[in-house]
Amino acid sequence: MKKPQTPINNNSTIVKIPIWIAIALVGGVLLGANFFGGQAKMNSVSKGFNKYREILSLIETSYVDSVDTDSLVEYSIKKTLEKLDPHTAYFPSDEAAAARSQLESGFDGIGIEFNIFSDTVYVMNAMVGGPSEQVGIKSGDRLLKADGVTLFGPKVSNSLIFSKLRGLRGTEVKLEVLRNGEKGIKKFTVVRDRIPSYSVTAGYMIDVQTGYIKVDRFTESTFDEFKTVLANLKNQGCKRLMLDLRGNPGGYKDRAEKMVDELLAGEKMIVYTDGKGTKYDTQTYTKREGIFEKGAVMVMVDENSASAAEIVAGALQDNDRALIVGRRSYGKGLVQMPVNLQDGSELRLTISRYYTPSGRSIQKPYLMGQEEEYEKDYEKRMKSGEFFSSDSIKFNEKLKYKTLGGRTVYGGGGITPDVFVARDTTYFTKYLTDLWGKNIIREFALNYANDNIKSIEKLTFKDFNKFFVVNDAMMMDMQKLAKQANVKMRARDYERSMPYIKAQIKAYIARNVWQRKVSDGMNNEYLQVMSPYDDTFQKSLKYFDKAEKMARGELVETISHSVKK
């Protein structure tokens, strides 16, 4: 005889489950159903939801073992989204805040930059005017404990440090600190405050007429930062601009559009989007007079430039406003809408595709539900030799488009630069990688800067950059530090990487000395020291004649090719 079924109880867990599922699985779709599909599609969604609710309820009330239904819900959401495009994503509540913070203009914390070296947390920089600097914490200090929790040893990690040092502004954290050259443990009580984070991380004059701006991502404050830096450079005599978007993963689309508007004159299209129906269809044009509409513009991109960064590069390329230099960009042409859910989690739902002014989608190919294959694209590009030769880039002749001036450009897989520059691996060795992995170079530079701060500060940065030399004695000391961290010495690797290692030591010394004096997030000194070793940067300078020709409105031929040394 069959056992009677256990009746379904609407306890608090079961009541909440359908709410979470409805919001997560229907929330974004609900917009589509209301605007695009009508009642028929809503009925289909409701039918599927009711089935899922019934199954979850039976698992909760009748399954033989105890089950964490919340974890089942999280798992099912993620598995559902895996059937969609590679960029629709779900963040549980404990991850959503961290995901959102990447696009915010700041966070609540104590205002330090730290480095983990030999299982110990070192303060690399205490932000000028920040909470830590105000109570006397200095670069080079070792953090031992935060509110009694040990911050050293093999289990120390970035996540542990963030969890103890970040928190609501106005709250306190008690720190125990050890300082070189001083006996005993120092104790500080730091009151957390709002710590600004910057996305424009460099802005300086390369020479009397050429300005350089580096944008790391597109956050809430990116456009305001960019406009301030650009205006400052123009006041210094900037007549041509190098915009560095390498490694920029994207962010807010509207900040990218505003950036283009500062560089592009007249009423010209920046980007347009096309989604299901017309709800998310948009066309964005320039609409105001920008700060820098006439001078030559050079934009540097690479295989890690994506999304909003590609909107900027695509708009400027299609309007023949800037020369694009570097390597083919990532190829993300999908727009996500963030939906904050009731339990604090977040859904980022793809709602449309964006197109550059010429009509090309730069989204690289993908198959629904095959995210793993999609993520192998980087590896495929590496194996094909594309990072080292433009001849390895395969264009789809069916996706050929024309810029405003008639140059040929291609869609279907990122922004292909006008001038290709191969990835430079001249100095990269196993020894250098090991030094980076153990933070040896940064740690040595920090110690040197702290030990020699008075003599270095007597120099201007210009004189430091011109005359300071990382000598053999310093390199021997660096090697000793590496040996202490169990980094195996590799003689041939060392000889090959030595010029680059010396440059990095000098650059980090400069950063530690001069960046501690400013609070604008700029990394100018480091980048200026390293620029002679930046192949794309150096090659870009040689092609400003092409960018200047564009700025005069003259047609520049498509010149994408592999630049030989």
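Coordinate-derived values only; no laboratory data. Small disclaimer: the values here were computed from a predicted structure and weren't measured. Quick reminder, even Gly has a Cβ in these numbers, built from the backbone with ideal geometry, and neighbours come from all protein chains shown.
What is the sum of charges, Lys and Arg at +1 and Asp and Glu at -1, for the other residues whose Cβ falls under 12 Å from the Cβ of A126?
Values: positive: K138, R516, K517; negative: E113, E133, D141.
Every neighbour counted, the sum reads 0.
Remark: the Cα gyration tensor places segment 430-537 in the prolate category, a/c being 1.5 or greater and a/b exceeding b/c. The calculated FRET efficiency for M476 paired with S159, based on their beta-carbon distance and R0 = 51 Å, is about 0.90.
Inter-label distance, K79 to W436: 3.8 nm, where each label sits 7 Å from its Cα along the C-beta direction.
Which value does Rg/Rh take for segment 104-164 over its C-alpha atoms, Rh per Kirkwood?
On the way: Rg = 11.5 Å, Rh = 12.0 Å.
Taking Rh as the inverse mean 1/r over Cα pairs, Rg/Rh reads 0.95.
Can you give the % of DSSP beta bridges in the chain that are antiparallel, to the nearest 5?
The antiparallel fraction comes to roughly 75 percent.
Just from its helices, what would the mean residue ellipticity at 222 nm be for the chain, if runs of 4 or more DSSP H residues each count -39500 (n - 2.57) and the sum is divided by every residue, rounded to the nearest 500 deg cm²/dmol?
Numbers: 21 runs with 213 residues, N = 565.
Helices in the chain give a 222 nm mean residue ellipticity of -11000 deg cm²/dmol.
Around F188, under 13 Å between beta carbons, what's the net of Lys plus Arg minus Asp minus Glu among the other residues? That sum, taken over residues with Cβ under 13 Å, equals +3. Within segment 98-113, which residues have the backbone N less than 12 Å from the label spot 7 Å out from N340 along Cα→beta-carbon, could you tell me? In segment 98-113, the label zone of N340 (backbone N under 12 Å from the point 7 Å along Cα→Cβ) covers 100-101.
I'd like the distance separating the alpha-carbon centroids of segment 449-502 and segment 216-291, in whole Å. For segment 449-502 versus segment 216-291, the Cα centre distance is 39 Å.
Quick one: which of 524-532, 77-85 comes out on top by average Cβ neighbours within 10 Å, and what's the full order, highest first? Intermediate values should be presented prior to the final figure.
On the way: 524-532: 19.1, 77-85: 15.2.
Going from most to least packed, we get 524-532, 77-85.
Site pair V469 and I206 shows an inter-label distance of 2.8 nm when each label is modelled 7 Å from Cα along Cα→Cβ.
For the chain, which DSSP H helices look membrane-span-like by this rule: Cα extent along the axis of 27 Å or more and mean Kyte-Doolittle of at least 1.6? Walk me through the numbers before you get to the answer.
Numbers: long enough: 38-62 (36 Å, -0.50); 491-514 (34 Å, -0.65).
Span-like helices, by this rule, are absent here.
For a protection proxy built on the mean count of beta-carbon atoms within 10 angstrom, sort 365-377, 426-438 highest first, please.
Details: 365-377: 13.2, 426-438: 16.7.
Descending mean neighbour count gives 426-438, 365-377.
Pull out a ≥ b ≥ c, the square roots of the eigenvalues of the alpha-carbon gyration tensor of the chain, then state rounded if a/c is under 1.5, prolate if not and a/b is larger than b/c, and oblate in the remaining case. Verdict is oblate for the chain. Return the subset of K174/K483; K364/K402; K183/K462 for which the Cα-Cα distance in this structure is over 28 Å, preserving the input order. From K174/K483; K364/K402; K183/K462, over 28 Å: K174/K483; K183/K462. The H on the amide N of I270, modeled in the peptide plane, is under 5 Å from the matching H of T284, Y285, T286, each at least 5 residues off or on a different chain.
What is the packing order of peptides 242-250, 393-401, 189-197, 269-277, taking the mean over residues of other C-beta atoms within 10 Å and listing the highest first? Before the final figure, lay out the partial values.
Values: 242-250: 23.3, 393-401: 12.7, 189-197: 16.9, 269-277: 18.6.
The packing order, highest mean first, is 242-250, 269-277, 189-197, 393-401.
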